[in-house]
Each structure stands twice: as structure tokens, then as C-alpha cells.
Amino acid sequence: MPRHNIKEPVNLTLPNAEFLPKVVELVNEGHSVTIKLKGFSMRPFLEDNRDKAVLVKPLCPKSGDAVLAEISKGYFVLHRIRSIDSEGNVVLLGDGNLSCEYCRIENVVAAAKGFYRKGRDKIDYTDGIKWKAYSFIWTKLTPIRRYLLAAYRRIWIPLFGPM
């Protein structure tokens, strides 16, 4: 039998300003791209350097969608769309953030199709019941989010680890 030269995947770490434009290019070509998440803006459900997002081309972004958006030249965020006005202005809010960020609809460059959480091999699809339930409850708690996030960081994580 012939031997195949199969190599293990190589993990590379690149600055977002260099890496994410390549991701956008692949998404625009019709590929789905899986990236490891960096940052804490989607806490408590998504964690830095643990979870992965599966990104696809955004077809018709709407309120509640988790999207990758370029909010300024070379600066990308993965946040949830809070609202889109009739002129194409988008308000974004990361689940772990207290303040909004803004872009234009044309700067929404990818949509999250799902997430691999907690090292699992099974994807949590954003159109699935589990993700929709998380999203519905968490977005309704926005007025008290500051207190919930503080309790999560100061009490939950030290006792139980990240969700």
C-alpha cells in the first residue's frame, strides 16, 4: 500500500489586521471559514482562545445575528447586530460589552453560522433552538448586563470556570 504524507494541521497566530482580510476574501469566494475566537466581547457564552466560529457570507443580516464587521479600517469585531436603520447604519453590541459599536451594512463582512464551544466537535448552529434561547434571554437582560458580567467574572469563573 502506498504511504501518504499526511501532516498534522499547523496553528498559526497572526495579527487580526493581517488575518481577517484573508478570512473575508475566502468568505466572499463562497467558502465557510472556521476561526478561533480572540477577546472577551461575546462572553459569557463564547470564550477567548477556546471557542471557534464558523463564518459564511452574510446573505441578509438582521437584528440578533452574530456577525463579523469591520468597524474601522482593518479593525474587525464579532458582535451581535442590535439594530439596522433604513439608511444602512448598523448598531453592534458584543454579548460581553456594555457599549455599542457602529458600522454600515456593507461593512458586515461575514455571518456566524455556528460555534464550536468548549472544545466540542459538535457545532451549535445559530439557527438552532439552543443558540436562539441563549440569545433571546441574554439580549433581554441588557439593562442589568453590567452586574451579570461582573458576577460572572468575579464569582462564577473563579468557582466553576468559564461557561
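The values are calculated or read from the model by the stated rules, or taken from the named source; none is laboratory data. All values reported here derive from a predicted model rather than from experimental measurement. Neighbour counts run over all protein chains shown; Cβ positions are idealised from the backbone, glycine included. With ligands, DNA and RNA removed, areas are computed over all heavy atoms of the protein, side chains included. Shrake-Rupley method; radii C 1.70, N 1.55, O 1.52, S 1.80 Å.
Below, the figures for the structure above:
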quantity	calculated
Cβ-defined net charge surrounding residue 36, 11 Å radius [Lys, Arg +1; Asp, Glu -1]	0
Percent RCO, i.e. relative contact order, over the chain, from Cα pairs under 8 Å lying at least 6 residues apart	19
Model label zone, residue 50; criterion: amide N under 16 Å from point 7 Å along Cα-to-beta-carbon; scope segment 135-163	149-163
Residue 60 versus residue 120: modelled label distance in nm, points set 7 Å from Cα along the beta carbon direction	2.9
Charge dipole magnitude, Cβ of K and R +1, D and E -1 - the chain, Cα centre, debye nearest 20	680
Dipole axis of segment 23-163 (+1 Lys, Arg; -1 Asp, Glu on Cβ), positive-most option in 56, 123, 23	123
Matching label, Kirkwood radius over Cα pairs in Å computed from the structure shown, candidates [x] 15.4; [y] 16.9; [z] 16.2	[y]
Loop-located trypsin sites (Lys or Arg not before Pro) in segment 1-110 whose Cβ has at most 12 other Cβ within 10 Å (DSSP)	3, 7, 38, 62, 73
Residue-count net charge about residue 116 - beta-carbon cut-off 10 Å; Lys, Arg +1, Asp, Glu -1	+4
Distant-in-sequence amide H partners of residue 104 (H built 1.01 Å from N, under 5 Å)	90
Accessible area (Å², per residue) of the chain, counting only protein heavy atoms and a probe of 1.4 Å	66
Computed [θ] at 222 nm, helices only, for the chain once each DSSP H run of length n ≥ 4 contributes -39500 (n - 2.57)	-6000 deg cm²/dmol
Interchain or long-range residues, amide H under 5 Å from residue 109's placed H	68, 69, 70
In segment 63-129, GluC sites (Glu not before Pro) in a DSSP loop with at most 10 other beta-carbon atoms within 10 Å	87
Residue among 76, 136, 115 with the largest mean-square fluctuation in a Gaussian network model of the chain, springs linking Cα atoms under 10 Å	136
Gained length - residue 87 relative to residue 13, 0.36 nm times residue gap less alpha-carbon distance	22.9 nm
Cα shape, segment 77-156, gyration tensor, a/c 1.5 rule	oblate
Total formal charge among the other residues, if their Cβ is under 9 angstrom from that of residue 64, Lys/Arg +1 and Asp/Glu -1	+3
Selected from 152, 11, 90, residue furthest toward positive end of dipole (the chain; charges at beta carbon)	152
Under Karplus coefficients 6.51, -1.76 and 1.60, residue-wise ³J(HN,Hα) of segment 44-60 in Hz, glycine/proline x	x, 8, 10, 10, 4, 6, 10, 8, 10, 10, 9, 9, 9, 5, x, 8, 8
